Amino acid sequence: MTDLAPETELPRSSKLKAALLQHRALSRDGLSERLFGMLFSGLVYPQIWEDPEVDMAAMELGEGHRLVTIGSGGCNMLAYLSRSPGRIDVVDLNPHHVALNRLKLAAFRHLPDHAAVVRMFGMAGMRTNSCNFDRFIAPNLDAESRRYWSGRRLDGRRRITAFNGNFCRTGLLGRFIAAGHLLALLHGVRLDGITRAKTLSEQRHYFDTRIAPLFDKPLVRWITRRKSSLFGLGIPPQQYDELASLSDGNSIAPVLKSRLEKLACDFPVAENWFAWQAFARRYPRPQEGRLPTYLRKENYEAIRANAGRVAVHHASFTELLAGKPAASVDRFVLLDAQDWMSDRQLNALWSEISRTAAPGARVIFRTAAERSVLDGRLSSALLDQWHYLAERSRELGVEDRSAIYGGFHIYERKG
């Protein structure tokens with residue numbers, strides 16, 4: 001006799017119990033998917049969470065390159081313009097992100113100077129921003145985006161007035177970060193304390209003594225065992241499973257602790273605007289640290305001059321590429337979107353990428369887990385057309401100041 005009977009020989013009661021458990025699991029997953037979809041239908045990212053300087057190094061981005069990228073909060077698209085690419089096509093299925101990308105482009109083109117741009121997107125409490133929108137931006141904005149930003153929120157105020165306060169605290173991500181701060185305060189910890197550290201050793205001490213112990217608290221461990229706990233980061237249920245698989249016991253808390261440790265300890269806080277977003281819920285002031293790449297004065301003139309080279313599309317990546325000629329794109333930026341895709345969607349996307357890729361084209365993307373999402377999923381006929389730059393991917397992954405991803409990946413077109 002074997003230790004386990006064949007499935008067909010299981011007692012009827014055992015079969016019914018197994019079927020019921022499977023049904024409950026599927027029902028929970030389905031509910032999680034629907035909840036995530038509902039939350040993701042609004043504004044999610046007031047700013048993007050991928051390091052554009054790592055992106056540009058990975059792409060070896062140069063003058064005249066033709067890019068297709070996912071929009072998200074629009075920060076990286078603008079940073080890419082500092083390298084004078086020939087054209088950027090921005091795609092996003094979220095209409096709120098489409099409106100945000102178009103607003104940022106119009107602001108660079110039509111606000112009077114760099115200081116006005118920084119007040120609009122890099123500072124809090126600037127009550128003149130909505131007036132500047134009415135005077136300089138709205139007359140030069142497409143009708144759909146103008147209606148969006150002039151539209152009313154639930155509190156009766158126009159959407160554009162969010163920039164009079166602190167826009168970084170809006171959206172699903174902004175509310176998620178606020179919830180994290182509240183949870184820390186319930187345990188007597190102020191997360192913004194780390195931004196006052198002057199050295200990496202001081203940052204390490206604050207993390208080890210104040211922030212790290214939070215992940216051992218029963219309430220924190222209870223919350224992070226639920227897939228919905230990371231919806232505010234834009235992490236869907238299937239991406240949560242990828243993260244949970246990286247730790248013993250399929251708990252997400254050790255993974256989150258490790259990612260936050262990198263954000264807090266691996267880079268000087270004065271040089272990491274992602275750390276300011278996470279720990280202070282704002283960008284640093286001039287005397288405190290560096291602004292994001294797209295808001296720095298040295299990049300302003302190039303971004304302003306090149307803003308007309310961008311087209312923002314309410315479409316999927318695959319859909320946009322399907323309308324492009326063969327060999328017409330030099331660089332592809334997928335963010336972490338592939339973590340969400342089925343095998344069918346992944347192969348359809350890379351079929352269009354391979355068709356439209358120019359000689360020497362590069363694709364960059366991030367993953368929640370460490371390994372490439374293409375392994376074992378993309379057909380060999382497509383994968384064989386690309387070379388994986390493994391060593392360079394690892395080097396730049398270490399340098400990514402956003403710190404929340406497990407892997408950074410670069411693929412280059414063969415031939």
- [ ] With a point put 7 Å past each Cα toward its Cβ, work out how far ASP343 is from ARG377 in nm, to one decimal.
- [x] 1.1 nm
TODO: Taking the Cα centre of segment 48-107 as origin, work out the dipole magnitude from +1 charges on Lys and Arg Cβ and -1 charges on Asp and Glu Cβ, in debye rounded to 20.
DONE: 320 debye
Open item on the list: Per 0.36 nm of contour for each residue apart, how much would the distance between LEU154 and THR128 grow if the chain were fully extended, relative to their Cα-Cα spacing?
Closed with: 7.2 nm
- [ ] Please compute the net charge surrounding PHE136, taking Lys and Arg as +1 and Asp and Glu as -1 over other residues with Cβ under 11 Å from its Cβ.
- [x] 0
Open item on the list: Just to verify a number: FRET efficiency for ALA302 and GLU399, C-beta to C-beta distance, R0 = 22 Å, to 0.05?
Closed with: 0.45
- [ ] Only residues of segment 375-415 count here: report those whose backbone N is under 19 Å from the spot 7 Å along Cα→Cβ of GLU60, or say none.
- [x] 385-397, 409-415
Open item on the list: Could you tell me the extents of segment 108-218's C-alpha atoms along the three principal axes, largest first, rounded to whole Å?
Closed with: 52, 33, 20
Open item on the list: Report the Cα centroid-to-centroid distance between segment 304-337 and segment 131-187 in angstrom, as an integer.
Closed with: 26 Å
Task: For segment 70-157: rounded, prolate or oblate by the Cα gyration tensor [a/c cutoff 1.5] - done: oblate
Task: Amide H partners (placed H, <5 Å) of HIS313, local residues excluded - done: VAL90, VAL91, ASP92
TODO: Round to the nearest 0.05 the FRET efficiency obtained for ARG392 and ARG221 when R0 = 51 Å and r is the Cβ-Cβ distance.
DONE: 0.90
Open item on the list: Students often check this: by mean Cβ neighbours within 10 Å, which of 214-222, 268-276 ranks highest, and how do the rest follow?
Closed with: 268-276, 214-222
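Values in this text are rule-based calculations from the coordinates and carry no lab data. From a predicted model like this one, the values you see are computed outputs, not experimental measurements. For neighbour counting, all protein chains shown are included, and Cβ atoms are generated from backbone atoms with ideal geometry for every residue, glycine included.
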